[in-house]
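Student: Attaching a single structure in structure tokens format; questions to follow.
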Amino acid sequence: MTTNYLQMMIDSLNKKKGILIRIIELNEEQNQILSEETLNGDAFDDNMKAKGSCIDELDLLDEGFQSLFNRVRDAINANKEMYANEISVMKRLITEVTELGAKIEVQEARNKVKVEAMFRRERQEHKEAKRSASMAKSYYQNMSKVSNEPQFMDTKQ
């Protein structure tokens, strides 16, 4: 029975590795979206939703892995030699998963900087548009106060 649990844990780690690779791909796609001159809001939202669903899957896998580990921990500790192959496979997978996690953190930090720069740029453009609209409104208000009759100034004395 413990061997089956260990195999399920290995399968869980393989699935987690696949999901992390998918998140890396989504981060690269997000980087492309953020590198464009104008933001494609729909593509950005779709990307964020896809990453959110991947993260939800990771949470479920982590909970399942921890539950299985809690069931077999004592049996593994008592018979380490018997499960040496499974343990080595899990160690290798955990190392790979950890490396993928570190790569994702770097990507997320890079994309966060790009998102913040994009928001600053959008805020600046919004400010400029607001100021231009205010100036145009002020101009039209001032012009509406001016009489429609032609006005001449007598320069002769």
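No value in this document is a laboratory result; all are computed from the given coordinates. Keep in mind that what you see is a predicted model, and the values were worked out from it rather than measured. Neighbour counts are summed over all protein chains in view; Cβ atoms, including those assigned to glycine, are modelled from backbone coordinates with ideal geometry.
Student: Relative contact order for the range 2-141: what percent, with Cα pairs under 8 Å and sequence separation of 6 or more?
Tutor: Numbers: 72 pairs, mean separation 62.0, N = 140.
It comes to 44 percent, rounded to a whole number.
Student: Something else now. Report, ordered by chain and residue number, the aspartates and glutamates lying within cross-link reach of LYS114, taken as a straight Cα distance under 18 Å and ignoring same-chain residues fewer than 8 apart.
Tutor: Reachable aspartates and glutamates: GLU25, GLU28, GLU29, GLU36, GLU37, ASP42, ASP45, ASP46, GLU105, GLU122, GLU125.
Student: Checking the cross-link filter: which lysines have an alpha carbon closer than 18 Å to that of LYS127, excluding same-chain neighbours under 8 positions apart?
Tutor: LYS137
Student: Per the Debye formula with a single identical scatterer at each Cα and no solvent contribution, what log10 I(q)/I(0) holds for the chain at q = 0.19 Å⁻¹?
Tutor: Values, matching the q order: -1.13.
Student: Which GluC sites (Glu not before Pro) in the range 1-81 pass both tests, a DSSP loop state and at most 16 other beta-carbon atoms within 10 Å? Intermediate results must be reported in sequence, preceding the final value.
Tutor: Working: sites: GLU25, GLU28, GLU29, GLU36, GLU37, GLU57, GLU63, GLU81; in loops: GLU36, GLU37, GLU81.
Sites meeting the loop and neighbour criteria: GLU36, GLU37, GLU81.
Student: Given the rule -39500 (n - 2.57) for each run of at least 4 DSSP H residues, summed and divided by the residues of the chain, what is its mean residue ellipticity at 222 nm, to the nearest 500 deg cm²/dmol?
Tutor: Calculated at 222 nm, the ellipticity per residue is -32000 deg cm²/dmol.
Student: Using 1/(1 + (r/R0)^6) with R0 = 41 angstrom and r between the beta carbons of ARG73 and GLN32, what's the FRET efficiency to the nearest 0.05?
Tutor: Approximately 0.40, to the nearest 0.05.
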